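Only the coordinates and a few stated rules stand behind these numbers; no lab work does. If you're wondering where the values come from, they're calculated on a predicted model, not measured in any experiment. Using ideal geometry, Cβ is built from the backbone for each residue, glycine included, and neighbour counts are taken over all protein chains shown.
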Amino acid sequence: MKVKTSILMAVILAAIMLLSVTMPVLAADELSVDTGDTAFIIICSAMVLIMTPGLAFFYGGMVRKKNVLSIMMQCIAVMALVSVQWVLLGYTLSFGPDVGGVIGNLHFLGLSGVSILPSPDYASTIPHYVFVAFQLMFAIITAALISGAFAERMRFSAFILFVLAWTTLVYDPVAHWVWGGGWLGQLGALDFAGGTVVHISSGVSGLVVAIFIGKRLGKDRETIVPHNLPFTVLGAALLWFGWFGFNAGSSLAADGIAGLAFLVTNTCAAAGAISWVMAEWLHHGKPTVFGAVSGAVAGLVAITPAAGFVSPLSAVVMGIIVGPICYLFVSRVKERLGYDDSLDAFGIHGVGGTVGALATGIFASTAVNPAGADGLLFGGLHLFVVQLVAVAGTYVYAALATLLILKVISLIVPLRVSNEEEEVGLDTSLHGEDAYGYDDIGANDRLVGIQS
Amino acid sequence: MKKIEAVIRPTKLEELKTALNELEVRGMTVYNVMGRGLQKDVKQYYRGQEVSVDLFPKVKIEIVCPDDAVERIVQRIQEVCRTGNIGDGKIFIYPVENIIRIRTQERGEKAL
């Protein structure tokens, strides 16, 4: 019996060993889905999506109450428009096989060739569909971010045309440059979760639109103040939460780098909130809630390109740097230069993204992530130079392409609403709705029932 | 008959209502208003952009009463609403020509 059992055991063992030798070969032939990675990235995708309605509240609180629905509608419209554009055309332009380092070809047009199996080129442990969905959420939030720059004055039809043109002609190519096998990725630029692709591209383009379309009426006479800062706090909370999916998910696996990205994201947001509030406290004598959430978002922006490449201590330093720089920009520099970036899309995303991209070239360390590179602080000059090139290239392309898009659209439809529409507010003039109808005399249904 | 209009600090409204109840003054109309008197502007900062707040939230309370009740009521309002600091508000007194209670069509002091 004993002999028979041990023979049987030996046979089973041999079979297992044989299998384990052949298994990897099979796996290499047909990439297999890792359930842990897949579950993680699906959840992260949903978290990145919630950032856009979060942004609707973040921005919605900052505008005057006559325009809160219009900015929220812009965020919702981006979710709808870019989701369809991405499936039809956007994904293949960003992630299709490379054409000359600048754009993807039409191989994945309409997502043909994409399946439930992993792609051999991207995120080889999760279904290709999941990769498509995750990347889509980035395309959505990026286009939505721009709307902060021209809030309270853009015509909705012009906005629709702008979003479709911008996501196709600016976001898709720039995403390809960095993540789709394009020239910046080949050059060795590090952008973990979208410092250049998401924040610089949207911030710079927002600045161009703000200048092109002109200031809001009355901007020179008075300071336009937020109508509901608790909305802005709610939005910032959703952004901070969603950003974990944004940055940790950019590891494209439930692994150690995702864990690092998660931690440094939180650290830099916190340090950004502290440094912004300290700056304004010293400057004007009061620590504001608006400053605290703005600083947190500036910190989140700054860590985005660096999240998988820097240590938590470096994240503290980055947060301390980015808060005062963004504060200075939105409080002083904007005023001096005289443009009306309504909600500081450039002041926080453009400037914070630039700080983050360059800081990645300083603080990145191969001791933290061997797949990254060494920044200035760790003896690497090359990376810093490449980061400079990435920033400059994104600035120039985003600005010129946005300008061209605006020129063309302005031939089709006026970009701005009329002065009368702007004075009445975009909610009623563009959408025929009031956010707070119960403010009106005679519309106070809530109190009808308790009259004596 | 007289109408007393008092512009007061919003924080004093509940206390004043209680005090006027003791004088058996029940009828009143109350508004949220904005206004300014001798107060200095207050500076606020939104992302470092300065905003000068030069209108302050106040509550305006209107009471109509017989001529002989005016002094009692005005005294009581001052007792309750005076803090001694700038921003305590003002009281205005106007003559009232007539009063009509819509439900009963009563006129004059009977309608009070």
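Summary table
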| quantity | calculated |
| --- | --- |
| Condition check for residue A:103: under 23 Å from the mean Cα position of the chain (by Cα) and surrounded by fewer than 24 Cβ atoms within 10 Å (Cβ to Cβ) | yes |
| Single residue of A:301, A:351, A:322, A:310 found to be buried (at least 24 other Cβ atoms within 10 Å of the Cβ), in contact (Cβ under 8 Å) with a residue 24 or more places away in the chain, within 14 Å of chain B (Cβ to nearest Cβ) and under 13 Å from residue A:195 (Cβ atoms) | A:351 |
| Those residues of region A:228-246 which are buried (at least 21 other Cβ atoms within 10 Å of the Cβ) and either touching a strand residue (DSSP E or B) at 6+ places or on another chain (Cβ under 7 Å) or polar (S, T, N, Q) (or both), in sequence order | A:232 |
| Options A:169, A:190: the member that is within 19 Å of the chain's Cα centre (by Cα) and either farther than 22 Å from residue A:131 by Cα or assigned to a loop (DSSP other than H, G, I, E, B) (or both) | A:190 |
| Test result for residue A:288, within 12 Å of chain B (Cβ to nearest Cβ) and among the polar types (S, T, N, Q) | yes |
| Meets criteria (assigned to a helix (DSSP H, G or I) and over 30 Å from residue A:207 (Cα atoms)) for residue A:129 | yes |
| Number of the condition not met by residue A:299 [criteria: (1) more than 22 Å from residue A:269 (Cα to Cα); (2) touching a Ser or Thr at 6+ places or on another chain (Cβ under 9 Å)] | (1) |
| Single condition residue A:337 does not satisfy, out of (1) more than 13 Å from every other protein chain (Cβ to nearest Cβ); (2) aliphatic (A, V, I, L, M); (3) touching a residue at least 24 places away in the same chain (Cβ under 8 Å) | (3) |
| Residue count for region B:22-80, restricted to those that are among the aliphatic types (A, V, I, L, M), more than 14 Å from chain A (Cβ to nearest Cβ) and outside any strand (DSSP E or B) | 10 |
| Condition check for residue A:262: away from chain B (no Cβ under 12 Å), assigned to a helix (DSSP H, G or I), in contact with a Gly (Cβ under 8 Å, 6 or more places away or on another chain) and aromatic (Phe, Trp, Tyr) | no |
| Selection from region A:90-123 of residues that are farther than 15 Å from residue A:181 by Cα and polar (S, T, N, Q) | A:112, A:115 |
| Test: residue in region A:340-347 that is buried (at least 24 other Cβ atoms within 10 Å of the Cβ), among the aromatic types (Phe, Trp, Tyr) and either within 14 Å of chain B (Cβ to nearest Cβ) or part of a helix (DSSP H, G or I) (or both) | yes |
